[in-house]
């Protein structure tokens, strides 16, 4: 099992290209099940989760072709994938695949909408809370599906097709909004989603579906309207830049000091996080090339944040910001309102010498003058990169184990950081 070794103390300077967003790429790939024509996605990141989803889609009969490298492209250029679901050969998504990645459960919506049936294993993914699928299934039931649970599988049927409906989500749900939009696009009649999630990845999926012929209004707002159509066609769509990756590297620059251009990053996708960074003492400038993040070596100021659905501070940047606050000149409070078990990184950050105590859903971080390198263990996708951020500023060497979590969500992380002066390497096959 691979490990990553980091020797801290170097300021980050240079350019980091921002990859396509994992949280947009996965639902976009799943949308290929809605049409027999080819869906072409550009700027696809090279991630373990993307590769796993290719296997899952292949099990349903989707042909996945990765385009070859083109003139002028570098190893950091996003790939282009052609997805063709000419014939759905299997409407079952098995446990051994779905249990490894939560988002793969979303195949239930296009399979049901197109084929009238789907049998999908209950999902897996990071152990950061229960994250139930009840709201997703509620939306499908509102659209006329019959839902049964059998031996750990959700069996959904709609023999006469789905029909439009009014769907009121009791709380904003990204998975529920993604799946409801996909299912409603092929339903008979008009669907209205109330309290829909507003994340940029929702907007990106809607834009792609519209290119395919769907009729969707209001994506990115709390009320989304979908008028069902008889069929969808192929399309070409570029995956939007990954706001979580951009925010992560921005926090790494703030942690170490330095000057980095996050190439392709967009401020509108993570403004709340950028605001918190600037309050902490970093400077963020926007240009046609992306976002330039600098910190001149001054003290890191303590900043309190509360995670909440977009456009507020994202839960997927909570661990990274906590790592930054371990070096703040004072006390910061981070309150997690999205997931009930997302402080597993606290005990690992403490191994660096961080002072953190928990009070319910709030972490209270008392900044320290210095972090010390230590052996640490990744616990989930986003928390694992918080350990990298801490290690970049720690004195001495750090070894991060279980880095397969990193590979699920961060493309070529060591390469990108090495290019900006970090002393970081992957130790392959290390126990």
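The values are calculated or read from the model by the stated rules, or taken from the named source; none is laboratory data. Predicted, not measured: the structure shown is a model, and the values here were computed from it. Neighbour counts run over all protein chains shown; Cβ positions are idealised from the backbone, glycine included.
May I ask you to list the residues in the stretch 16-56 that are under 14 Å from the mean Cα position of the chain (by Cα) and free of Cβ contacts under 8 Å to residues at least 40 places away in the same chain?
50
Looking only at the stretch 178-235, which residues are out of contact with any helix residue (DSSP H, G or I) (no Cβ under 6 Å at 6 or more places or on another chain), assigned to a strand (DSSP E or B), over 14 Å from residue 162 (Cβ atoms) and touching a residue at least 12 places away in the same chain (Cβ under 8 Å)?
Result: 192, 194, 215, 221, 223, 224, 225.
Of the residues in the stretch 236-248, how many are out of contact with any helix residue (DSSP H, G or I) (no Cβ under 7 Å at 6 or more places or on another chain) and not in a strand (DSSP E or B)?
Of the residues in the stretch 236-248, 2 are out of contact with any helix residue (DSSP H, G or I) (no Cβ under 7 Å at 6 or more places or on another chain) and not in a strand (DSSP E or B).
From (1) modelled with pLDDT of 95 or more; (2) crowded, with 18+ Cβ neighbours inside 10 Å, pick out the condition that doesn't hold for residue 116.
(2)
Give 301, 308, 323, 319 a once-over and let me know the one that is in the same structural domain as residue 377 (by TED's automatic domain parsing), free of Cβ contacts under 8 Å to residues at least 40 places away in the same chain and in contact with a helix residue (DSSP H, G or I) (Cβ under 7 Å, 6 or more places away or on another chain).
Values: 308 fails: in contact with a helix residue (DSSP H, G or I) (Cβ under 7 Å, 6 or more places away or on another chain); 323 fails: free of Cβ contacts under 8 Å to residues at least 40 places away in the same chain; 319 fails: free of Cβ contacts under 8 Å to residues at least 40 places away in the same chain.
Residue meeting the stated conditions: 301.
Could you please find all residues in the stretch 249-290 being part of a loop (DSSP other than H, G, I, E, B), under 25 Å from residue 211 (Cβ atoms) and touching a residue at least 24 places away in the same chain (Cβ under 8 Å)?
The initial filter retains those residues of the stretch 249-290 that are part of a loop (DSSP other than H, G, I, E, B), namely 257, 264-266, 270, 281-282, 288-289.
Imposing the further condition that a residue be under 25 Å from residue 211 (Cβ atoms) reduces the set to 264-266, 270, 288.
Answer for the stretch 249-290, where residues must be part of a loop (DSSP other than H, G, I, E, B), under 25 Å from residue 211 (Cβ atoms) and touching a residue at least 24 places away in the same chain (Cβ under 8 Å): 264, 265, 266, 270.
Within the stretch 314-407, which strands (runs of 3 or more DSSP E) (wholly inside it) include 2 or more residues that are surrounded by fewer than 24 Cβ atoms within 10 Å (Cβ to Cβ) and more than 23 Å from the chain's Cα centre (by Cα)?
Numbers: elements: 331-335, 355-359, 362-366, 375-377, 397-401.
Fully inside the stretch 314-407 and qualifying: 331-335, 355-359, 362-366, 397-401.
Within the stretch 14-34, can you find the residues that are farther than 15 Å from residue 409 by Cα and surrounded by 24 or more Cβ atoms within 10 Å (Cβ to Cβ)?
If the condition is that a residue be farther than 15 Å from residue 409 by Cα and surrounded by 24 or more Cβ atoms within 10 Å (Cβ to Cβ), then 16, 28, 29, 30, 31, 32, 33, 34 are the ones that fit.
Within the stretch 133-150, which residues are under 16 Å from residue 162 (Cβ atoms) and in contact with a helix residue (DSSP H, G or I) (Cβ under 7 Å, 6 or more places away or on another chain)?
Just the residues of the stretch 133-150 that are under 16 Å from residue 162 (Cβ atoms), to begin with: 136-147.
Those that are under 16 Å from residue 162 (Cβ atoms) and in contact with a helix residue (DSSP H, G or I) (Cβ under 7 Å, 6 or more places away or on another chain): 136, 139, 140, 143, 145, 147.
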